Amino acid sequence: MHSKKIAYRNLKPENLLIGADGYLKLTDFIFTKQIENRSYTICGTNEYMAPEVILKKGHHWAVDWWALGILIYEMSCGFDPFYDEDPFIIYSKICKGKVTFPRFIDKDAASIIKHLI
């Protein structure tokens with residue numbers, strides 16, 4: 001998708017299925033968009049939105065790399081790094097970009113997550 005300048009913009013566990021062949025399959029393409037330069041559309045799930053989406057700075061398919069980092073964190077820890085009941089607090093935490101890791105997280109996993117987000 002990225003080679004065709006298409007941003008998925010909705011990566012999260014609920015949108016991943018395991019096919020009969022054992023490979024992950026994406027579902028729910030409602031926010032997918034081909035982006036030549038930048039898009040200013042605010043869309044996605046609160047916990048997975050990249051800062052540039054929240055701040056309306058314009059984004060492209062790199063927002064999917066951010067969401068992948070959040071997904072790996074959530075799969076490793078059992079919760080997402082910016083969780084809160086209040087969406088505005090989630091947005092604030094995302095924009096600050098401070099991620100803390102539980103002690104049980106492998107240093108290589110933490111490194112991958114840091115590089116993605």
Subject >> Complete set of residues in the range 51-68 that are under 12 Å from the mean Cα position of the chain (by Cα) and closer than 20 Å to residue 3 by Cβ >> reply: 61, 62, 63, 64, 65, 66, 67, 68
Original post:
Only one of (1) in a loop (DSSP other than H, G, I, E, B); (2) closer than 20 Å to residue 117 by Cβ is not met by residue 22, so which one is it?
Top reply: (2)
Original post:
If you go through the range 55-65 one residue at a time, do you hit one that is farther than 27 Å from residue 17 by Cα, of a type in the set (A, V, I, L, M) and in contact with a Cys (Cβ under 8 Å, 6 or more places away or on another chain)?
Top reply: yes
Subject >> Boolean, residue 33 is surrounded by 13 or more Cβ atoms within 10 Å (Cβ to Cβ), modelled with pLDDT under 95 and over 29 Å from residue 86 (Cβ atoms) >> reply: no
Original post:
Is it fair to say residue 105 is touching a Phe, Trp or Tyr at 6+ places or on another chain (Cβ under 9 Å), within 17 Å of residue 11 (Cβ to Cβ) and modelled with pLDDT of 90 or more?
Top reply: no
Original post:
Of all the residues that make up the range 68-80, how many are more than 10 Å from residue 48 (Cα to Cα) and touching a helix residue (DSSP H, G or I) at 6+ places or on another chain (Cβ under 6 Å)?
Top reply: 3
**OP:** Select from the range 8-30 the residues that are touching a residue at least 24 places away in the same chain (Cβ under 8 Å) and either more than 20 Å from residue 83 (Cβ to Cβ) or in contact with a Phe, Trp or Tyr (Cβ under 7 Å, 6 or more places away or on another chain) (or both) and list them in ascending order.
**Re:** 8, 9, 10, 11, 12
Subject >> Search result, residues across the range 37-92 that are in contact with a Lys or Arg (Cβ under 8 Å, 6 or more places away or on another chain) and hydroxyl-bearing (Ser, Thr, Tyr) >> reply: 39, 40, 41, 45, 48
Original post:
What pairs come up if the first residue lies in the range 91-108 and is more than 13 Å from residue 73 (Cβ to Cβ), the second is outside any loop (DSSP other than H, G, I, E, B) and of a type in the set (S, T, N, Q), and their beta carbons are under 8 Å apart, counting only those six or more places apart or on different chains?
Top reply: 91/46
Subject >> Condition broken by residue 28, with the remaining ones in (1) surrounded by fewer than 16 Cβ atoms within 10 Å (Cβ to Cβ); (2) assigned to a loop (DSSP other than H, G, I, E, B); (3) in contact with a Gly (Cβ under 7 Å, 6 or more places away or on another chain) satisfied >> reply: (3)
Subject >> the range 48-86, residues that are out of contact with any Phe, Trp or Tyr (no Cβ under 9 Å at 6 or more places or on another chain), surrounded by fewer than 17 Cβ atoms within 10 Å (Cβ to Cβ) and under 16 Å from residue 37 (Cβ atoms) >> reply: 62
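The values are calculated or read from the model by the stated rules, or taken from the named source; none is laboratory data. Bear in mind that the values here come from a model prediction, so they are computed numbers and not experimental data. Reconstructed Cβ throughout: ideal geometry from the backbone, glycine too, with neighbour counts over all protein chains shown.
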